[in-house]
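The values are calculated or read from the model by the stated rules, or taken from the named source; none is laboratory data. This is a predicted model, so every value here is computed, not measured. Please note: Cβ atoms are built from the backbone with ideal geometry, for glycine as well, and neighbour counts cover all protein chains shown. Each accessible area value is taken on the protein alone, full model and side chains, heavy atoms only, with ligands, DNA and RNA left out. Shrake-Rupley method; radii C 1.70, N 1.55, O 1.52, S 1.80 Å.
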Amino acid sequence: IMQAALERWEPDPGVTRENRMVPGWDGDPEVRVRIYRPADQEGELPCLFWIHGGGHVLGQVEQDDPAMDFYVGSIGCVAVSVDWRLPPEHPYPAPMDDCYAGLAWTYENADELGIDANRIVVGGASSGGGSAAGLTLLARDRGEIPVAAQFLVYPMIDDRNVTPSSHLITHHKVWNRTSNIIGWRSYLGDLHGTDDVPAYAAPTRAEDLSGLPPTWMATADLDLFVDEDLDYARRLIDAGVPTELHVYPRAIHGFDVFAPDSAVSKRYVAERNAGLARLFAL
């Protein structure tokens, strides 16, 4: 599906793309990041620090070139997308360490990158959305990097597979219960199925959501993740976190990629873009 989307995509000539290798976290291998920037804009811009999805086991930064091009070209921001190591060969915490290393490098090099260090939004879709939520929790707790907001697109945040929707979504053509169990087992390794899974890996396990930054979240009513996403949004609100939630009707996980020309996808894209622009303006 991602390949089909890339084949339909025409790169925006007004957006520059650059790959950089940045230091890994605490002696880990270097991490590749892909930097997108408007070719005709100078000065400090807000930044979207993006984590690609793939069920915690698949994907690479190139799959989100169309989305990053659109954000950068239409909103006028810098995007930095991180290429995290893939499980099962590299289970948690390696992928999260790569994400934190990329975020730390982005923050520390904001001047060189033309980024406003106080307007870095952490975002991602699917497992990338789950990692974005986990990274935002980690940044809050370490206190080294100020995250301005989190931008969570149908995030994968609960490893336990106990919600009603996690049992109901079983069709083989969508992200289903079997896919989810395989993804979490690969990502968590020996932690899978235990009570020792940290909130940075599965954010729904976080006991305290206070002090997190403003949040924009989208999910779909036929998405395996809808129950965990609704619960997380409610808990954010209860913790005093400004939270905007969109639930798209008669839509499945990844609906905007499966059916980009559908009315619901077009509405989602418009609301998603407006939501990110509002986060940058806070």
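Rundown of residues vs (1) modelled with pLDDT of 95 or more; (2) of a type outside the set (Lys, Arg); (3) on the phi > 0 side of the Ramachandran plot, yes/no style:
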residue: THR204; (1), (2), (3): yes, yes, no
residue: SER210; (1), (2), (3): yes, yes, no
residue: PRO213; (1), (2), (3): yes, yes, no
residue: PHE225; (1), (2), (3): yes, yes, no
residue: GLY240; (1), (2), (3): yes, yes, yes
residue: VAL247; (1), (2), (3): yes, yes, no
residue: VAL257; (1), (2), (3): no, yes, no
residue: SER262; (1), (2), (3): yes, yes, no
residue: SER265; (1), (2), (3): yes, yes, no
What are the residues in region 236-282 that are open to solvent by 50 Å² or more (accessible area, probe 1.4 Å), in a helix (DSSP H, G or I) and either β-branched (Val, Ile, Thr) or in contact with a Leu (Cβ under 7 Å, 6 or more places away or on another chain) (or both), if any? ILE237
Restricting to region 62-96, name every residue that is more than 15 Å from the chain's Cα centre (by Cα), of a type in the set (Asp, Glu) and open to solvent by 10 Å² or more (accessible area, probe 1.4 Å). GLU89
Could we say that TRP9 is touching a residue at least 60 places away in the same chain (Cβ under 8 Å) and either in contact with a helix residue (DSSP H, G or I) (Cβ under 9 Å, 6 or more places away or on another chain) or surrounded by 15 or more Cβ atoms within 10 Å (Cβ to Cβ) (or both) here? yes
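Among THR178, THR215, THR163, THR136, which is among the polar types (S, T, N, Q) and either touching a Cys at 6+ places or on another chain (Cβ under 6 Å) or surrounded by fewer than 18 Cβ atoms within 10 Å (Cβ to Cβ) (or both)? Outline the logic, then answer.
Values: THR215 fails: either touching a Cys at 6+ places or on another chain (Cβ under 6 Å) or surrounded by fewer than 18 Cβ atoms within 10 Å (Cβ to Cβ) (or both); THR163 fails: either touching a Cys at 6+ places or on another chain (Cβ under 6 Å) or surrounded by fewer than 18 Cβ atoms within 10 Å (Cβ to Cβ) (or both); THR136 fails: either touching a Cys at 6+ places or on another chain (Cβ under 6 Å) or surrounded by fewer than 18 Cβ atoms within 10 Å (Cβ to Cβ) (or both).
Every option except THR178 fails the conditions.
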If SER165 meets every condition in (1) in a helix (DSSP H, G or I); (2) in contact (Cβ under 8 Å) with a residue 60 or more places away in the chain; (3) within 18 Å of the chain's Cα centre (by Cα) apart from one, which number is that one? (3)
Run down TYR92, TYR100 and say which single residue is at pLDDT 95 or above and part of a loop (DSSP other than H, G, I, E, B). TYR92
Keeping to region 139-154, report how many residues are hydrophobic (A, V, I, L, M, F, W, C) and open to solvent by 10 Å² or more (accessible area, probe 1.4 Å). 3
Only unsatisfied item for GLU42, checking (1) surrounded by fewer than 20 Cβ atoms within 10 Å (Cβ to Cβ); (2) among the acidic types (Asp, Glu); (3) under 20 Å from the mean Cα position of the chain (by Cα), is (3)
